[in-house]
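Step one of this worksheet: look at the structure below.
What follows draws every value from the coordinates through simple rules; no lab data is involved. Note that the structure is predicted; figures quoted are calculated from it, not measured. Here the Cβ positions follow ideal geometry from the backbone for every residue, glycine too, while neighbour counts run over all protein chains shown.
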Amino acid sequence: MARIRRRGGAVPGFPVLRLPVPATFHVFLHGETIAGMAEAPQRPLTDAERGLVVGVLIGEGHFGGDGRYPQITLRMHVRHEALFRWLQRLFPRSRLYGPYGHGGRNYYQWMARGAALAEDVLPVVESLLSDEIDAHVAGRVRAMREDYADFFRRQARAGSGSGADAGSEEDGPG
């Protein structure tokens, strides 16, 4: 049974949200990591899905990290909830946070970190993104790969079946 959760204050033109908390919604507790999360299967995306994902991330996403681990973050107004839920279905290992309301803003935040970033989302982005399409964002993706090269090396070793630990327990928000 879904609980009702109320976040934030009123925004002119938008009612106060009273949303059921779906089973896919998750907020990390302090110190909780992604290590215990179920490995949801990643289905192949259609060409249209790949194009839409990359377009949204080029236009609205942030490619960077927290100083320890890389991440792709997408933060947008709550009116885009359906888009966030769609991303969550496409990339089940990514995480959706919110809705948040403060400073007169109401928004959701979607994040791809750890294996969700390295194995699911970033390959889609890199398969379509080029300097010709958007040199600035392509440069941000390259900078993220360079700044977090050790993380990506660990992920590649773990993905190749070498038995090396990719540090998945460390890769959650901390």
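Under 5 Å between amide hydrogens, which residues at least 5 positions from Asn106 or on another chain qualify, with H placed 1.01 Å from N in the peptide plane?
Val78
What is the packing order of peptides 151-159, 88-96, taking the mean over residues of other C-beta atoms within 10 Å and listing the highest first?
Working: 151-159: 17.1, 88-96: 19.9.
Highest mean packing first, the order is 88-96, 151-159.
What does the C-alpha gyration tensor say about the overall shape of the stretch 82-142? Classify as rounded when a/c is under 1.5, otherwise prolate if a/b is larger than b/c, or oblate. If you can, show how the numbers build up before the last one.
Working: a/c = 2.43, a/b = 1.50, b/c = 1.62.
Here the stretch 82-142 falls in the oblate category.
Using modelled amide H (1.01 Å from N, peptide plane; none on Pro or chain starts), what sits under 5 Å from the amide H of Gly65, excluding residues fewer than 5 places away?
Those lying under 5 Å, H to H, from Gly65 are Gln71.
Expressed in nm to one decimal, what extension gain is obtained for the pair His62 and Glu132 from 0.36 nm per residue of sequence separation less their Cα-Cα distance? Intermediate values should be presented prior to the final figure.
On the way: separation 70, 0.36 × 70 = 25.20 nm, distance 1.89 nm.
Stretched fully, the His62-Glu132 segment lengthens by 23.3 nm.
For Arg153 and His77 in one chain, what is 0.36 nm times their gap in residues minus the Cα-Cα distance, to one decimal in nm? Don't skip to the end; give the middle numbers.
Values: separation 76, 0.36 × 76 = 27.36 nm, distance 3.46 nm.
Fully extending the segment from Arg153 to His77 adds 23.9 nm.
Using the count of nearby Cβ atoms within 10 Å as a rough guide to exposure, how do Leu117, Leu87 rank from fewest to most?
Going from least to most buried by this count: Leu87, Leu117.
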